[in-house]
Amino acid sequence: MSHCLRVPGPFWGGAGSGAPDPAKVAFSYRAGWSGTARQRSALHGLLQRQHCLHLARNYSRRLKAASDFVCRLMVAERCLLPPVGRQSGGRGRLLRGLCQELAVHTSHWDCLQCHMRRDPWLGPVLLQQPEVVQRMKQSLFLLALHALCLLESCLVALLQNWACGPPTLLSEVFQGLESYNQGLSEWALQEAKLGPGASGQQGLWGGRAFSVERVLAILAAERGRLAGERLSLLLPWQQAGTSDLKPAADGTSGAGEGLPAHLETVCREEEAAVTALLQELLASTDGLGHRLLHRPKQEQPPEPLTAGQVLGPALLPSRTSLDWLDAAGILYAEYRPLFWRAASTSLACQLELRSPLAQLQEGAWAALGRQLTHALDEACLPLEAAGELKDAALHLLKLDILWRWDPGFCHALGTSLVDKCLPKPTTVACSQTGQLLQRLFLLLAFSMRCLDTQPCSGDPGNRLLPASLPLQLLSLAVATSHASSYWATSKAYQYLASWSLSQFLLVTQGDLQLLKTEAKKMLVQVGRIFLEDKWKQSPLASHQERELSLQLHAAATSIQLFANDVLELFYLDCKRVSAEVFGQSMPLGKYWRLALREEVPSAPSEYAQAASQTVLAPVLQGIRWLSRDAQAVVLSQVMTAFLEAWMGHILAQKIKFSKWTTPSHAFCSSLPRWPCPRTAGTPYTSAAHGTGRGRGMAAQAA
């Protein structure tokens, strides 16, 4: 039958016999042989189905094994982490076994694909149904990816939980990292062979290997967090209060008792513990140690050792104690800045959690920052520790500024809307809004003095806090200056327009002069601290500082110019109002000529009394709480304006007086004689007679 019947190649291969030689076959047809061909075709189909069932069983077993492994990882993720204070090496061995098993489950699709390629019976069937192959591949890939993610999270959690444990406890975890990296590399090779998007999930994350840098970052973050919590307990919170609002003088110690010694102890303990931990890391993982010792020179840290001092002529380093000590030194040089950066961040977070305590004690954060700075100056610490902790001290200063400036500024804005600007006998000549704005200036001045005492060492590119704090201080200073200028200017015009001279004089001679002084001091401080380019920041930060400095200079200049010009505005308005009063109430010629009396008038003229009550009385009432110098300046302006308006009206109307109706009698008898509380017994009329320009006008009229 084999000489007269041809069947497909796979059938012959499955039957185990070779194909016939066409040259030796004589073709003949017999009717009974057609049934045999149909039976053989059916047998061929059954054989194909049998091989497909074998493939389905293999796929189902692998799918079941991968699913069970994922379920075990989900259970292990909950039970691997021991309770606080309890650490067991059995969990480390369990995790290492899971990491070793990972390589089996990440290679399921590779093994299944090899099985399909070796079986010739599956080729025609799978070519007709490519979507079946794609679904199998996606299922196995997703399960492997899920296992990678779960195992990675377990490894990270164990590293964080056991970061401060004994080094021997972490050896099992370190060995598990090696197995995880091996399984991840095999997974990456499979994806590279299949090409991008082969798993059916575009942009799907495939896990990250635990390199030396990543392990150091995890350990440093956790140990730094705990160290920051420990340092927060060492700061003397009970000594930080309102008595520490002034920066300590140079050479004086403001640190808490024993704080420098505690910082040095933390450094020594951390170095000893981490060195042993890193030696265990290198001894437990061959791959990490090999990659560390054979990195390019430019990737190795400059201190404490260089790569040339560690590497030998051999390809693999010999496991001598010197090699591992040198490698541990290289790792510790990379670990130390990561640790202190995490410790500084943790310290700042712990201090922010104590915000209610800091709010109850005004200036507590700034005082703690100064104490920490002085402790760093006294202690012998590594450069990384000193730099990061000084950034934490500046962060305390920043917190103190924001927690006090924000509510103070909002309080000042709210008070300015309802403040009547009425003086209080028990306070200085300043309104409530002016006092609040002055406190903001004093707060910013104190913060800038503290900032000026901070040394600027280290790489500015790696220290974001010193770069941001000066900009924030400048921004707050600009906002305070603009608010002060706008409030003082608007209130002065408002009260002058409504002829509320008591409030006007309090704002212009009390608040405005005070704010002008504070703004001038602030401008001097900004010029000394920022324009000298002390912080050596990036060009963008320097440009922002220059812009803010110019805005602050413009706001301070506007306050100063308005303070210089406001008395001139006051003089012009007093002269205008006096002229209006004289024009409306002062009698003309006949009134002065008919009243011929031998005696001196005992009562003032009605027009003089009305003019003095309208112009002079509010001024005398408003200057009661001003200083003597301010009183003299205001009285000179108002008396000059009053007399000029009076004499100008007399000359314009050409009024002639008799002997007893001279303006001096009417004017002097109409002046109020209210004594000033600060200069009791001295009448205000004495200031009027001391005005040179007023005496000249009175003499001209007489």
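Among residues of the range 622-640 that are within 20 Å of S578 (Cα to Cα) and hydrophobic (A, V, I, L, M, F, W, C), those with a beta-carbon under 6 Å from a residue that is assigned to a loop (DSSP other than H, G, I, E, B) and modelled with pLDDT under 90 at least six positions away or on a different chain give the pairs M639/T691.
Let's see how each residue does on (1) surrounded by 13 or more Cβ atoms within 10 Å (Cβ to Cβ); (2) at pLDDT 80 or above; (3) part of a helix (DSSP H, G or I); (4) of a type in the set (D, E, K, R):
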residue	(1), (2), (3), (4)
A19	no, no, no, no
S34	no, no, yes, no
L47	yes, yes, yes, no
N58	yes, yes, yes, no
R72	yes, yes, yes, yes
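For the range 519-530, a residue qualifies if it is buried (at least 20 other Cβ atoms within 10 Å of the Cβ) and either within 26 Å of Y571 (Cα to Cα) or in contact with a strand residue (DSSP E or B) (Cβ under 6 Å, 6 or more places away or on another chain) (or both), and exactly one does: A519. Every test in (1) within 30 Å of Q129 (Cβ to Cβ); (2) at pLDDT 80 or above is passed by C99 save one, and that test is (1).
If you take just the helices (runs of 4 or more DSSP H) that sit entirely in the range 129-245, which of them hold at least 2 residues that are farther than 30 Å from A386 by Cβ and at pLDDT below 80?
On the way: elements: 130-161, 167-194, 212-234.
It comes to 167-194.
Restricting attention to the range 611-667 and to residues that are in contact with a Leu (Cβ under 9 Å, 6 or more places away or on another chain), of a type in the set (V, I, T) and at pLDDT 85 or above, the residue that is surrounded by the most Cβ atoms within 10 Å (Cβ to Cβ) turns out to be V638.
Taking interchain pairs and intrachain pairs at least six residues apart, which have beta carbon atoms under 7 angstrom, with the first residue in the range 479-504 and in contact (Cβ under 8 Å) with a residue 24 or more places away in the chain and the second outside any loop (DSSP other than H, G, I, E, B) and polar (S, T, N, Q)? From the range 479-504, the pairs are S485/S558; W487/S416; W487/T433; A492/T508; Y495/Q503; S502/Q621.
Among the residues of the range 450-469, are any among the polar types (S, T, N, Q), over 21 Å from Q560 (Cβ atoms), assigned to a helix (DSSP H, G or I) and modelled with pLDDT under 90? There is at least one residue in the range 450-469 that is among the polar types (S, T, N, Q), over 21 Å from Q560 (Cβ atoms), assigned to a helix (DSSP H, G or I) and modelled with pLDDT under 90.
Within the bounds of the range 367-375, is there any residue that is free of Cβ contacts under 8 Å to residues at least 24 places away in the same chain and surrounded by fewer than 22 Cβ atoms within 10 Å (Cβ to Cβ)? The answer is no, given that none of the residues of the range 367-375 is free of Cβ contacts under 8 Å to residues at least 24 places away in the same chain and surrounded by fewer than 22 Cβ atoms within 10 Å (Cβ to Cβ). Scanning the range 393-412 for residues that are touching a residue at least 60 places away in the same chain (Cβ under 8 Å) and either farther than 20 Å from S447 by Cβ or surrounded by 20 or more Cβ atoms within 10 Å (Cβ to Cβ) (or both) yields A393, L394, H395, L397, K398, I401, W405, A412.
The residues on offer are L145, L122, L140, L126, and the sole one that is among the hydrophobic types (A, V, I, L, M, F, W, C) and surrounded by fewer than 18 Cβ atoms within 10 Å (Cβ to Cβ) is L126.
The values are calculated or read from the model by the stated rules, or taken from the named source; none is laboratory data. No experiment lies behind these values; they were computed from the predicted model shown. Every residue, glycine as well, gets a Cβ built from its backbone with ideal geometry; the counts of neighbours run over all protein chains shown.
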